[in-house]
Amino acid sequence: MSTPNRLRSPLKRAIGLGSAKYGTQHFVVQRISAVALFFLVIYVVGLLVSLVGADYATARATVAHPCHAVLLCAFLVAMFWHAQLGLQVVIEDYVHAPGLALVVQMLVRFACVLAALAGLFAIVRIAAGASA
Amino acid sequence: MPHTARPLSPHLQVYRWQIQMVTSIVHRATGIALAVGSLLVVGALLALASGPESWACVTRHAGAWYGLVFLFGWTWALAYHLLNGVRHLVQDAGFGYAISQFVRNGWLVVFGSFILTAATWGVLAARGVFA
Ligand code: HEM
């Protein structure tokens, strides 16, 4: 360190950099979404099993029921949020070229947000009873 | 990667396969597979929203032999990730770290995922998916 900075703690340079930015937020949201998904996955699988052999009208009416519609929306949001956070870590581990990593991270986020919105749109459309 | 010759920590190739690493690797692999599968969930919902014809297309493929094989694999991936996810959460809470416990609950998750998958498909068979 050059003389004028001798009395400054290295902390000054660290603030706002690296993990100091977000701390444990990623970890926490990953766990919260995991807990939500634990219940929602069991619910969704149960719903699907109950729909085996159902015809189109029944399947549609089931998804259109307000309780199912809301829970399915919650499932989509939790799933894509959790998937984005999870894939982010996978990319951080394997893609080391900074430019490429940035692009891939952005693409994964765009894909997760778009897919979640498309799924929510489909559920709202079904629940609002818009005919095909 | 920076092209500096520096010592690297040992990676997969130097380890003997053991349950500790397998459960970890499989959690990641199933997580990635489920993320891809989530797009199919959205596809199915969009098909349901667009009308009987597109929905019939979904059920036809899902009910075909390759669809059933695919759904079976999906069920297992979900069952495994779900159970090992719970294991992760338990570990995050600070439990189950002793080597003997870690190995035991690893096997518990592996066999639990088989049982959960079999149970789900038992119910599905009873409801006539193979009929
Ligand atoms: C369809 C739903 C799900 C998808 C798409 C999904 C996807 C993923 C992905 C891509 C990862 C990253 C894997 C890695 O970093 O190696 C991950 C991690 C994780 N998942 Fe899931 N997951 C789902 C359901 C669940 C459920 C139901 C639970 C819990 C009961 C769960 C618990 C976890 C946990 C705790 C982690 C973090 C593991 C770690 O820190 O290494 N996930 N998930």
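Considering only B:Q13, B:Q91, B:Q101, give the residue with the highest GNM mean-square fluctuation for chain B, with springs between Cα atoms whenever their separation is below 10 Å. The residue with the greatest mean-square fluctuation here is B:Q13. In the protein assembly as shown, helices alone account for a calculated mean residue ellipticity at 222 nm of -26500 deg cm²/dmol, with every DSSP H run of four or more residues adding -39,500 (n - 2.57).
Between A:V29, A:H82, A:V41, the Cα set farthest toward the positive side of the dipole of the range A:13-119 (charges on each charged residue's Cβ, about the Cα centre) is that of A:V29. Of the residues B:I32, B:Y66, B:I99, the one whose Cα sits farthest towards the positive end of the charge dipole of chain B is B:I99 (charges of +1 on Lys and Arg Cβ, -1 on Asp and Glu Cβ, taken about the Cα centre). Of the trypsin sites (Lys or Arg not before Pro) found in the range B:29-131, those in coil by DSSP whose Cβ has at most 14 other Cβ atoms within 10 Å are B:R127. Against the longest alpha carbon principal axis of chain B, how many degrees, from 0 to 90 and to the nearest 10, is the axis of helix B:52-63 turned? Long axis of B:52-63 versus the principal axis of chain B: about 50 degrees. Across the range B:21-125, the mean sequence separation of Cα contacts (distance under 8 Å, 6 or more residues apart), normalised by length, yields a relative contact order of 31 percent.
Taken one residue at a time, the phi angles of the range B:71-87 give Karplus couplings (6.51, -1.76, 1.60, θ = phi - 60°) of 5, 5, x, 4, 4, 5, 4, 5, 4, 5, 5, 4, 5, 5, x, 4, 4 Hz. Gly and Pro are set to x. Sequence-ordered 3J(HN,Hα) estimates for the range A:109-117 from the Karplus curve with 6.51, -1.76 and 1.60 and θ = phi - 60° stand at 5, 4, 4, 5, 5, 4, 5, 4, 5 Hz, glycine and proline given as x.
Relative contact order, whole percent, for the range A:23-128 stands at 37, derived from Cα pairs under 8 Å and 6 or more residues apart.
Between helix B:99-126 and chain B there is an angle of about 10 degrees, using the helix long axis and the longest principal axis of the Cα atoms. Length gained on full extension, A:S9 to A:H96, computed as 0.36 nm times the residue gap minus the Cα-Cα distance: 28.3 nm.
Here, each number is a calculation from the coordinates, and none is a lab measurement. Everything numeric here is computed off the predicted structure, so don't read it as measured data. FYI the Cβ positions are ideal-geometry reconstructions off the backbone, even for glycines, and counts take in every protein chain you see.
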